[in-house]
Amino acid sequence: MDRPPTANPATARDVILEIVRNMKEGMEPLHYSVLPPAIYHVYLHPDDMERLRGIVPRIVDEAKRALDAEVERMNRASLASRLKLARREDPKISAPDGGWQIRILENTDEEVSQGDVVIYSELALPAKMELSAGSMTKRIATRKLGGTQSTAQTYEPRKSEPVAAPEAPPADGEGVFAVIEYEDQGGRKTFHMNKNEIVVGRGGRDYWTDIKLETLADVSREHFRLRRDSASGQFFLKDLSRLGTTINGEAVPSSIDFSDGEKRDRQVEAPVPAQARIGLAGVVFLEFRSVAAG
């Protein structure tokens, strides 16, 4: 019986080339300049991440050099075209004022394969004053999955702008055990916990969540469970993530054992104070407040 072909691991050069491709795919032309994405989050299969972990700083350094070189090359090509055709000057590509920001992380999605490279990048766009609109963020997602490349682009209000009104609480707070406020890529939101256990994470197919977060893949699909003991009213948190959860800045012990290639729940919980700031992989923070605390 023939064995299925082994997936090709992502090389450091593959990662750098994908970052450069993401930059080229995500450029935003203005009238006098062209803006490239400045912030890059690169996600690799756990096996690729483990293999490349020791040289990640070198990969980041060479990726920045490659971005600078590509911007310089494209600007030279544009200049040659302008001299040859004697047309109006094409806008010049401007490198980010604060430099390139690149993070290389482990991809926690279970459906990815070795060799897959997923990149999310973004750049802030100026406010369109003539339309009385706030400033926007352009988000660019490039994926190399199974050797096939794809690109998706979206435009969203910047996170600093309140784009979502909090949901209305139940009348007189009846049946509400806790209030959770947070901000993700969808805006500022409020969740009223009215049952004894909820699941928080990015969700997805086969992953039910009560609070479904719109955020980076640093946050697991099922990141943690929050349980209320009905007898005492005390809250407990079970961390189910790969990149961790914090309560008031303190790391929560993981309840998951990923050894031997299998995922096992060790049933470990941490108590949650009546008021707490819960961090998910350092990306999203939830402000928790027990209603009993007032």
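The values are calculated or read from the model by the stated rules, or taken from the named source; none is laboratory data. From a predicted model like this one, the values you see are computed outputs, not experimental measurements. Note that each Cβ is placed from the backbone with ideal geometry, even for glycine, and that neighbours are counted across all protein chains shown. Keep in mind that these areas ignore ligands, DNA and RNA; they rest on the heavy atoms of the full protein, side chains included. Shrake-Rupley method; radii C 1.70, N 1.55, O 1.52, S 1.80 Å.
Distance between the pseudo-spin-label points of ARG277 and ARG73 (7 Å out from Cα toward the beta carbon): 4.4 nm. Among the protein heavy atoms, those of VAL20 account for about 20 Å² of accessible surface (1.4 Å probe, every chain in place).
Close amide H partners of ARG242, meaning residues 5 or more places away or on another chain with modelled amide H under 5 Å apart, are SER220. Surface calculation, 1.4 Å probe, protein heavy atoms: ILE59 sits at approximately 10 Å² accessible.
At an R0 of 35 angstrom, the distance between the Cβ atoms of ARG264 and GLU214 translates into a FRET efficiency of 0.75. For the set GLU183, GLU262, GLU18, solvent exposure ranked by accessible area (probe 1.4 Å, protein chains only) runs largest to smallest as GLU262, GLU183, GLU18. Each Lys or Arg adds one and each Asp or Glu takes one away; over the other residues whose Cβ falls under 9 Å from the Cβ of GLN153, this sums to +1. Taken along its principal axes, the alpha carbon cloud of the stretch 171-278 reaches lengths of 50, 34, 28 Å, longest axis first. In order along the stretch 43-50, the phi-based Karplus estimate (6.51 cos²θ - 1.76 cosθ + 1.60, θ = phi - 60°) of 3J(HN,Hα) comes to 10, 10, 4, x, 5, 5, 5, 5 Hz; Gly and Pro are listed as x. Between the amide H of VAL272 and those of PHE235, PHE236, LEU237, distances stay under 5 Å, these residues lying 5 or more places away or on another chain, with hydrogens modeled in the peptide plane. A cut-off under 9 angstrom between Cβ atoms defines the neighbours of ARG225, and their net charge, with Lys, Arg +1 and Asp, Glu -1, is -2. Tell me whether the stretch 40-79 comes out rounded, prolate or oblate; compute the Cα gyration tensor, take square roots of the eigenvalues as a ≥ b ≥ c, and use a/c under 1.5 as the rounded threshold. Since a/c reaches 1.5 and a/b is larger than b/c, the shape of the stretch 40-79 is classed as prolate. Near the amide H of ILE102, within less than 5 Å, lie the amide hydrogens of TYR40, all on another chain or at least 5 residues away, with H placed in the peptide plane.
Are any of the pairs LYS238/LYS263; LYS189/LYS263; LYS212/LYS238 more than 20 Å apart by Cα-Cα distance, and if so, which? As for pairs spanning more than 20 Å Cα to Cα, those are LYS189/LYS263.
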